[in-house]
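Quick notes on the structure that follows.
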Amino acid sequence: MAYRFAVIGLGQFGTAIAKKLSERGAEVLAIDNNEMNIQNIKDEVAYAVTLDSTDKKALITQGIKDMDAVVVAIGENFEALLLTTVYLNELNVERIIARANGPQQRMILEKMGVDEILSPEDEVGTVVAERLINPNILSFLQLPDDYEVVEIKAPKGIIGKTLDEVGLRDKYKLTVVTIKRLFEEEKNGEKVMQEHVLGVPASNTSIQKSDTLMVFGRVRDIEKFIDIN
């Protein structure tokens, strides 16, 4: 059975979330008060509806309380975001994820009891800063207590070596979660390069030039590993 999600507010951020959820097989209800935004996404989600989310009765007619989760991604009208969130709480929506633009909005949402808060501008800024400092880092997930999971290009210093020879766990206190590798495949009669995940890599797995490593560890240990290699 597919998960059912509603995304309220179809700016660039909300639209990206709705499309990605739909691509992953979820049943998505996209809601916005702008008809043009609805027209732009209607062919890419299960349902797209033009309505005012600050109208509690309108939300009820869409079966909003039966959703597995509702993302309130309204960006320009914080009052509308707050009122929408209040109504979703009153309707006992199981899981509410709300957008916050800045620390003050985050604080207000936290005071309202919203546990899951997205700050896209802050997150994008953090990613850009991290990639500027460490160009080898392709993406990363910040975790509590100064830990993170990062995707990094295979450093030149370890290409051709096995994971055991590199000694990530003993020497750097890092764990390789998995490796993404390019393979040459035939598609529609043409040879193309396709990336695949190797699963949990064995200690004798050899690192190739095109590999992307997904590594878990403390920030300082990851930076040390990148700098040395």
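The values are calculated or read from the model by the stated rules, or taken from the named source; none is laboratory data. Just so you know, these numbers come straight off a predicted model, no measurement behind them. Backbone-built Cβ (ideal geometry, glycine too); neighbour counts: all protein chains shown. Each accessible area value is taken on the protein alone, full model and side chains, heavy atoms only, with ligands, DNA and RNA left out. Shrake-Rupley method; radii C 1.70, N 1.55, O 1.52, S 1.80 Å.
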According to the square roots a ≥ b ≥ c of the eigenvalues of the Cα gyration tensor, what is the shape class of region 1-98, taking rounded for a/c under 1.5, prolate for a/b larger than b/c otherwise, and oblate for the remainder? oblate
Compute the angle between helix 78-90 and the longest alpha-carbon principal axis of the chain, please, reported from 0 to 90 degrees and rounded to the nearest 10. 80 degrees
Accessible surface, 1.4 Å probe, highest first, among residues Ile108, Ile60: Ile60, Ile108
Grab the beta carbon distance between Lys209 and Ser139, set R0 = 22 Å, and tell me the FRET efficiency rounded to 0.05. 0.65
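With a probe of 1.4 Å, find how much accessible area the chain has per residue, and write the answer as a whole number in Å².
It amounts to 60 Å² per residue over the chain.
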Protein accessible area in region 1-91, 1.4 Å probe - carbon and sulfur %: 48 percent
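Between Asp146 and Lys19, what length comes free when the chain is fully extended (0.36 nm per residue of separation minus the Cα-Cα distance, one decimal in nm)?
Gain on extension, Asp146 to Lys19, equals 42.6 nm.
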HN-Hα couplings for region 137-149 via Karplus (6.51, -1.76, 1.60; θ = phi - 60°), in whole Hz with x for Gly/Pro, come out as 7, 8, 7, 7, 10, 6, 10, x, 6, 6, 9, 7, 10
Alpha carbon centre of region 15-89 versus region 177-203: separation in Å? 37 Å
Of Glu184, Glu27, Glu121, the most mobile residue in a GNM of the chain (C-alpha springs, cutoff 10 Å) is Glu184
At a Förster distance of 45 Å, what's the computed FRET efficiency of Glu76 paired with Lys180, Cβ-Cβ distance as r, to 0.05? 0.75
Using only DSSP helix segments of four residues or longer, with each worth -39500 (n - 2.57), what per-residue ellipticity at 222 nm results for the chain after dividing by its residue count and rounding to 500? -9500 deg cm²/dmol
Relative contact order for the chain: what percent, with Cα pairs under 8 Å and sequence separation of 6 or more? 13 percent
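When each pair of different Cα atoms in the chain is counted once in the 1/r mean, what is the Kirkwood radius in angstroms, to one decimal? Each step should come with its number before you reach the end.
Values: mean 1/r = 0.0490 Å⁻¹.
Radius from the Kirkwood sum: 20.4 Å.
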Give the carbon-plus-sulfur fraction of the accessible surface of region 151-216 in %, rounded to a whole number; probe 1.4 Å, heavy atoms of protein chains only. 48 percent
Between Lys42 and Arg218, what FRET efficiency follows from the Cβ-Cβ distance if R0 is 45 Å, with the result rounded to 0.05? 0.50
